[in-house]
Amino acid sequence: MLKVAVIGLGRFGSTVAVSLASKRVEVLAVDRRTAQFEAVADDVAVAVGFDATDISNLKAYDVGAMDVVVVAIGTNFEASVMVTMHCKTLGAKKVIAKALNEMQASVLRQVGADQIVKPEEDMGARLAEHLVTDSVVDFVELPTGYSLRRITVPQEWDDQSLAELNLLGDKHLNLVQIHRPVPSDEEGAEPTIAKIPLPYGVEILHAGELIDVIGPDRELDKFD
């Protein structure tokens, strides 16, 4: 089961925590304010109140062993930076941090955040897209038992083409997009990610790449 810690339970953080829990994710919800963590206590696996800028508290709840940590602190940027640093120091696999602007995003990346989310900016861009393009949708409601998920290409698929794998025919999986690392020309720089939408049958998959697929939950659960 995927384990996620959500630190900071304002409107954004609490929504993330409760939504993840509803999708069978084991959620540790953290906020120093009693009212905030008590509000989600009945919906998540564990809801606790402590100061996440104190690394000893994060150690006590084994935050470093989480698959993902969402740092959703919105009003105290210094705390957000400290918590992001602590989580990476403790070994968290992926840290997603909330930023209010590009300056904050840049700082959070420098201290180790793997992904940045800017909820207000993202929502504004999405609204603008809706206003000019009626056909744009936020999500497609799939039938019960089906999901759109991002999975890792397993070793047994390595260096095989989509035609050879026949994912739709054999596993009822419809591949939507490949996320392919592209090495940087600068020495020591992180690779960029190229997105390949609706790939053709000649496209070769490589073990470890991330792909977005639609399919039955019984098949997708095998990749968790």
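The values are calculated or read from the model by the stated rules, or taken from the named source; none is laboratory data. Here the structure is a predicted model, which means the values were calculated and not measured. Backbone-built Cβ (ideal geometry, glycine too); neighbour counts: all protein chains shown.
One line per residue, one yes/no per condition, for (1) assigned by TED's automatic domain parsing to the domain that holds L168; (2) in a loop (DSSP other than H, G, I, E, B); (3) in contact (Cβ under 8 Å) with a residue 60 or more places away in the chain; (4) surrounded by 14 or more Cβ atoms within 10 Å (Cβ to Cβ):
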{"site": "E187", "(1), (2), (3), (4)": "yes, yes, no, no"}
{"site": "E190", "(1), (2), (3), (4)": "yes, yes, no, no"}
{"site": "K195", "(1), (2), (3), (4)": "yes, no, no, no"}
{"site": "P199", "(1), (2), (3), (4)": "yes, yes, no, yes"}
{"site": "V202", "(1), (2), (3), (4)": "yes, yes, no, no"}
{"site": "G208", "(1), (2), (3), (4)": "yes, yes, no, no"}
{"site": "D212", "(1), (2), (3), (4)": "yes, no, yes, yes"}
{"site": "G215", "(1), (2), (3), (4)": "yes, no, yes, yes"}
Original post:
Does I116 fit the bill of being in a strand (DSSP E or B) and out of contact with any Lys or Arg (no Cβ under 6 Å at 6 or more places or on another chain)?
Top reply: yes
Subject >> Some residue of the range 45-60 being in a loop (DSSP other than H, G, I, E, B), among the aliphatic types (A, V, I, L, M) and modelled with pLDDT of 95 or more >> reply: yes
**OP:** Search the range 10-33 for residues being more than 16 Å from the chain's Cα centre (by Cα) and at pLDDT below 95, and hand back the single one that is nearest to A65 (Cα to Cα).
**Re:** R32
Subject >> Looking only at the range 147-171, and only at residues there that are over 13 Å from H206 (Cα atoms) and of a type in the set (G, A, S), the one that is surrounded by the most Cβ atoms within 10 Å (Cβ to Cβ) >> reply: S147
**OP:** Would you be able to say whether some residue in the range 120-129 is at pLDDT below 95, under 18 Å from G13 (Cβ atoms) and not acidic (D, E)?
**Re:** yes
Original post:
Say we look at the range 7-39 and pick out the residues that are touching a Leu at 6+ places or on another chain (Cβ under 7 Å) and surrounded by 21 or more Cβ atoms within 10 Å (Cβ to Cβ); which of these is farthest from G91 (Cα to Cα)?
Top reply: F37
Original post:
Under the condition of being aliphatic (A, V, I, L, M) and farther than 14 Å from G13 by Cβ, which residue from the range 81-94 is surrounded by the fewest Cβ atoms within 10 Å (Cβ to Cβ)?
Top reply: L90
**OP:** Report yes if some residue within the range 60-67 is small (G, A, S), buried (at least 16 other Cβ atoms within 10 Å of the Cβ) and more than 17 Å from the chain's Cα centre (by Cα); otherwise report no.
**Re:** no
